[in-house]
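Asks: Dropping the structure in here first, questions after.
The values are calculated or read from the model by the stated rules, or taken from the named source; none is laboratory data. Quantities reported herein were computed from a predicted structural model and do not represent experimental measurements. The area values use the complete protein model at the heavy-atom level, side chains included, leaving out ligands, DNA and RNA. Shrake-Rupley method; radii C 1.70, N 1.55, O 1.52, S 1.80 Å.
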Amino acid sequence: MIIYGSRASHLKSIHSNTAICLGCSTKGSVTFGVYSRYAHVFWIPLFPIGRIGFSECQYCKHTLRVKEMPAELAREYNQLKSETRTPIWQFIGLGLILVFLSWIALMTNVDRKKERAYVAQPQVGDVYYIKTENNHYSTLKVMDVSQDSVHVLPNEYTTNKKSGVHKINKMENYGQFNYGFSKDDLRIAYHDGTIYTINRK
Ligand SMILES: [Zn+2]
């Protein structure tokens with residue numbers, strides 16, 4: 001269960017000496033308050049949503065929301081609101097998400113870099129994760145590498161789910177007959193995505 005919603009945190013309040021209460025007509029009894037609303041997930045603030053505000057008479061407790069305020073009160077409220085800033089902690093969730101996404105991007109980049117090196121210098125034991133012609137997934141295991149070609153043992157199984165490929169990558173699933181292709185073809189297959197991941201132990 002994901003617990004999420006929005007909350008408000010108090011930013012600033014001010015007592016007005018000039019505002020007149022609509023409820024009891026007392027002058028100088030009104031206090032304005034500004035709050036910042038923010039979305040949260042599991043009580044971690046995600047990002048701010050906007051401001052809400054009230055006016056309250058300290059004398060008769062008459063309260064007004066911003067859109068109920070007459071022009072003079074709204075002006076005082078807006079003045080106060082313009083003096084407030086959204087606290088930085090309300091962006092924590094968004095910041096964490098950005099850090100996480102950058103980390104994924106960085107790791108992906110590191111993996112791609114490694115794989116490009118594996119393509120340039122194939123080794124016996126490398127496993128190529130491939131997309132088959134009918135959009136299934138399977139693997140090839142490198143058995144031999146020569147000056148300009150690579151010999152692989154094809155997996156006899158395929159799967160229609162990318163996430164299931166590692167399950168069929170077992171030694172007993174590989175056949176007996178290997179075949180070869182040039183290192184140029186290996187490069188092409190990697191760059192066009194036919195080989196989409198390379199594993200090296
Ligand atoms: Zn009042």
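Asks: Of all the accessible heavy-atom surface of the range 12-144, with the other protein chains kept in place and a 1.4 Å probe, what percent is carbon and sulfur?
Replies: Numbers: 4900 of 8310 Å².
Ligands and nucleic acids excluded, carbon and sulfur reach 59 percent.
Asks: Where the Cα atoms of the range 4-92 are projected onto their three principal axes, how long is each span, largest first, in whole Å?
Replies: So the three principal-axis extents are 43, 22, 18 Å.
Asks: What are the ³J(HN,Hα) couplings of the range 33-46, residue after residue, when phi is run through the Karplus curve with 6.51, -1.76, 1.60 and θ = phi - 60°? Round to Hz, x for glycine and proline.
Replies: For the range 33-46, the Karplus-derived couplings read x, 10, 10, 10, 8, 9, 7, 9, 10, 6, 6, 8, x, 9 Hz, x marking Gly and Pro.
Asks: Please give the direction-averaged projected area of the C-alpha convex hull for the range 64-150, in square nanometres with one decimal.
Replies: Numbers: hull surface 49.7 nm².
Taking the Cα atoms of the range 64-150, their convex hull projects to 12.4 nm² on average.
Asks: Taking a quarter of the surface of the convex hull around the Cα atoms of the chain, what do you get in nm²?
Replies: Values: hull surface 71.7 nm².
Result: 17.9 nm².
Asks: Based solely on C-alpha atoms, express the radius of gyration and the Dmax of the range 42-94 in angstrom.
Replies: Considering the range 42-94 through its Cα atoms, Rg and Dmax are 14.4, 41 Å.
Asks: Beyond 20 Å, what share of the Cα-Cα pairs of the range 115-199 is found? Please give it as a whole percent. Before the final figure, lay out the partial values.
Replies: Numbers: 915 of 3570 pairs.
Counting every Cα pair in the range 115-199, those more than 20 Å apart make up 26 percent.
Asks: Same structure, new question: Roughly how many Å is it from the Cα centre of the range 11-67 to that of the range 108-160, as a whole number?
Replies: 64 Å
Asks: Show that you can apply the helix-only estimate: for the chain, add -39,500 (n - 2.57) for every DSSP H stretch of four or more residues, divide by all residues, and state [θ] at 222 nm to the nearest 500. Spell out each step's value before the answer.
Replies: Values: 4 runs with 54 residues, N = 201.
The helix-only estimate for the chain comes to -8500 deg cm²/dmol at 222 nm.
Asks: Report, by chain and number, residues whose modeled amide H sits under 5 Å from the one on Ile49, excluding near sequence neighbours (fewer than 5 apart, same chain).
Replies: Arg37, Tyr38, Ala39
Asks: Quick check on my link table: of Lys113/Lys141; Lys113/Lys167; Lys141/Lys201; Lys131/Lys162; Lys161/Lys201, which ones sit more than 18 Å apart, alpha carbon to alpha carbon?
Replies: Numbers: Lys113/Lys141 20 Å; Lys113/Lys167 25 Å; Lys141/Lys201 12 Å; Lys131/Lys162 9 Å; Lys161/Lys201 23 Å.
Checking Cα-Cα distances, Lys113/Lys141; Lys113/Lys167; Lys161/Lys201 exceed 18 Å.
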